[in-house]
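Student: I have a structure here, written as C-alpha cells, and I will follow up with some questions on it.
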Amino acid sequence: MKTVPFGPADAVAPNVVAGMMRINDSSDDQIRDLYRAARDAGIDFFDHADIYGDHVHHCETRFAEALSLSAAERDEITIQTKCGIVKDAGGVFDFSYDHIIRQVDGSLKALQTDYIDVLLLHRPDALVEPEEVAKAFDELEGAGKVRSFGVSNHTPGQIDLLRTAVEQKFVANQLQLSIAHGALVTQGIAANMMGLEQSAVLDGGGLLEYCRINEITIQAWSPLQHGMFRGVFLGSDEFPELNAVIDRLAAQYGVEPIAIAIAWITRHPAGMQVVLGTTTPARVAAAAAGSDVYLTRAEWYELTRAAGHRVP
C-alpha cells in the first residue's frame with residue numbers, strides 16, 4: 001500500500017481509505033470482516049460522517065460497537081469524520097460553533113474514542129461565518145478532541161473564506177472523482193478550448209491546482225461512479241470502450257478491473273486518496289491492489305480518452 005503526504009510535516013497516510021457510509025445494516029461480524037480486510041490490505045484510515053446511517057451517528061456507533069478497539073489498536077488507525085449537514089432537515093447546512101461542537105461531541109461518544117484524527121466540514125454552508133468555525137476549531141484542538149481539520153466539496157474561494165479566520169491548516173478536501181466523473185482533472189486538459197463543455201470551469205477555477213499548491217490532500221469519493229449518483233461505470237453498457245481498456249490493463253497487471261479504476265486516481269502526482277464505499281471484503285482487497293499499480297502516461301491518457309474526455 002502506497003502512502004501520500006498528509007497533514008502535519010512528515011506525516012503520511014495510505015492512498016486508499018475505507019469508507020464506512022454503508023455499514024448501517026451490516027452485522028457485527030460483517031463489520032469486523034470488512035475492518036480486517038482493510039487492515040490486511042494496508043488500509044488504516046477509516047472515513048465516517050455524523051449523518052451516515054438511519055439516524056445521526058448511527059454508522060459511527062455500529063463501527064465502534066462491532067470492533068470494541070483497544071486503546072493500542074485505536075492509536076494504530078486514523079478515524080476521520082464529518083459534520084455540517086443537518087440530517088432529515090430538508091437540505092440544511094450548519095457550520096455554526098454550536099453545531100460543530102455538538103456534532104463532534106456526539107461523534108466522540110458514538111465512536112467510543114477520546115479524539116478524532118481528522119474532522120471535515122461536510123459540504124459548504126452558504127451561511128458560514130468563518131469566525132464561528134475558527135472558534136469551534138480552536139476549542140476542539142485545544143481540548144485534544146480533534147487533531148486535524150479539513151473540508152469536503154469546497155471550492156478555492158470557499159476555503160480561502162474560511163482561512164480568513166481559521167488558523168489550522170486544512171489537510172484534506174474530499175471531492176467526487178473517478179475516470180468517468182473526471183472534471184476535476186479534465187477541465188485543465190481542455191483549458192481555453194472555445195465551445196467545448198469540458199473546458200467550462202465548474203469549481204471556481206483551478207481546484208486541483210489550488211489543493212496541490214496549498215498541500216491539501218484530495219480525497220476522491222465515489223471512485224467508481226459516473227455523474228451524480230448515476231451508477232457504477234465498471235461493467236456498464238454505457239462505457240464499452242472504457243471497460244475494454246480497463247479489462248485489458250487489468251489482465252496486463254494481474255489485478256481485478258476495480259484496481260485499474262483506483263490506479264487512474266492514485267497515479268496522479270497530486271498524491272490523492274481514494275475513499276472506497278464497498279462493504280465487501282474481497283472488493284476492498286481487489287481495490288486496494290490498485291494502490292501498487294503505476295500506470296504509464298500512455299495508459300493513463302488512454303483511459304481518460306476511453307471515458308469520453310477530450311485529450312487534445
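Student: Take Arg147, Arg305, Arg297 and order them by how many other Cβ atoms sit within 10 Å, fewest up front.
Tutor: Arg297, Arg305, Arg147
Student: Relative to the first principal axis of the alpha-carbon coordinates of the chain, what is the inclination of helix 240-253, with its axis defined by its Cα atoms, in degrees from 0 to 90 and to the nearest 10?
Tutor: 80 degrees
Student: For Lys109, go through the aspartates and glutamates and keep the ones whose alpha-carbon is under 14 Å away, minus same-chain ones fewer than eight residues off.
Tutor: Within the straight-line cut-off, Lys109 pairs with Asp50, Glu60, Glu65.
Student: Per residue, what volume in Å³ does the Cα convex hull of the chain take up?
Tutor: Dividing the Cα hull volume of the chain by its residues yields 136 Å³.
Student: Per DSSP H run of at least 4 residues, take -39500 (n - 2.57); add these up for the chain, divide by its residues and hand me the 222 nm value, nearest 500 deg cm²/dmol. Display every interim value, and only then the final one.
Tutor: Working: 12 runs with 121 residues, N = 312.
Result for the chain, helices only: -11500 deg cm²/dmol.
Student: Counting other Cβ atoms within 10 Å, which GluC sites (Glu not before Pro) in the range 72-179 have at most 16 and lie in a DSSP loop?
Tutor: Glu167
Student: A further question on this structure: Give me the base-10 log of I(q)/I(0) for the range 145-258 at each q in 0.20, 0.22 Å⁻¹, Debye formula, one uniform scatterer per Cα, rounded to two decimals.
Tutor: Treating every Cα as an identical point scatterer, log10 I(q)/I(0) equals -1.11, -1.20.
Student: With a 10 Å Cβ neighbour count serving as the proxy for reagent exposure, in which order, fewest first, do Trp221, Trp264 appear?
Tutor: Least crowded to most crowded, the residues run Trp221, Trp264.
Student: Averaging sequence separations of C-alpha pairs under 8 Å and six or more residues apart, then dividing by the length of the range 10-306, give the relative contact order as a whole percent.
Tutor: 18 percent
Student: Order these by the 10 Å Cβ neighbour count, fewest first: Asp50, Asp25, Asp44. Numbers along the way, then the final one.
Tutor: Working: Asp50 25, Asp25 11, Asp44 17.
By the 10 Å Cβ count, ascending: Asp25, Asp44, Asp50.
Student: With a point put 7 Å past each Cα toward its Cβ, work out how far Arg22 is from Met228 in nm, to one decimal.
Tutor: So the two model labels end up 2.1 nm from each other.
Readers should treat all values here as calculations from the given coordinates under stated rules, not as data from a laboratory. Predicted, not measured: the structure shown is a model, and the values here were computed from it. Every residue, glycine as well, gets a Cβ built from its backbone with ideal geometry; the counts of neighbours run over all protein chains shown.
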